[in-house]
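First comes the structure, then the notes that go with it.
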Amino acid sequence: IREGTDFFDVCGHYDWILTNPPYSQFRAFLRHAMRIADNIVFLGLYNAWGTRSRQRDLREAGFGIVEHCEVTHLPPPPWPQFGMLLVATWARRGWKGSTHFSILDEQTGNLSQGPARLTQETADEKSLRRGQKQSGEEPAA
């Protein structure tokens, strides 16, 4: 920003990218961010992450979603007022664990566990769970 460089002209390697990409360019921003960074946090609509093409892009680039954090306190108009969830989503290179859903409490600024925990089990986790079911063991929480 300080240098006035277009995001798509940026190259090199970065540990983190944090941005609010334009919804109309979400996929292009995500693909470029995954080429140059290991951790990406996008502030955007929750449904932007749920398309098959986005999920395929993440998998092909070796990324997984670590967390969706719902932002409940929206800026006033002229900020667009959507009926969809606004989230800060963290995607990480090499992540194969569960995806957490949290909520940012607008009063305290604290994070709380959300109503759902989305699971992206790894092959090892599935194998362990199957083995525990066959042996009669209870899976660890």
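Starting from the residue with the highest accessible area, list 92, 59 in decreasing order, probe 1.4 Å.
Ranked from most to least accessible, the order is 59, 92.
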Name the shape class, rounded, prolate or oblate, that the alpha-carbon gyration tensor gives for region 1-83, where a ≥ b ≥ c are the square roots of its eigenvalues, rounded holds for a/c under 1.5, and otherwise prolate holds if a/b is larger than b/c and oblate otherwise. oblate
Counting heavy atoms of the protein chains only and a 1.4 Å probe, report the per residue accessible area for region 29-78 as a whole number of Å². 47 Å²
Output row, site residue 46, 7 Å Cα→C-beta label point, backbone N cut-off 17 Å, window region 77-104, residues 81-91, 99-104
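The values are calculated or read from the model by the stated rules, or taken from the named source; none is laboratory data. Because the structure is predicted, anything quoted here is derived from the model rather than measured. A quick note on method: Cβ atoms are made from the backbone with ideal geometry, for glycine too, and the neighbour counts reach across all protein chains shown. Remember, those area values only see protein heavy atoms, side chains included, never the ligands or the DNA or RNA. Shrake-Rupley method; radii C 1.70, N 1.55, O 1.52, S 1.80 Å.
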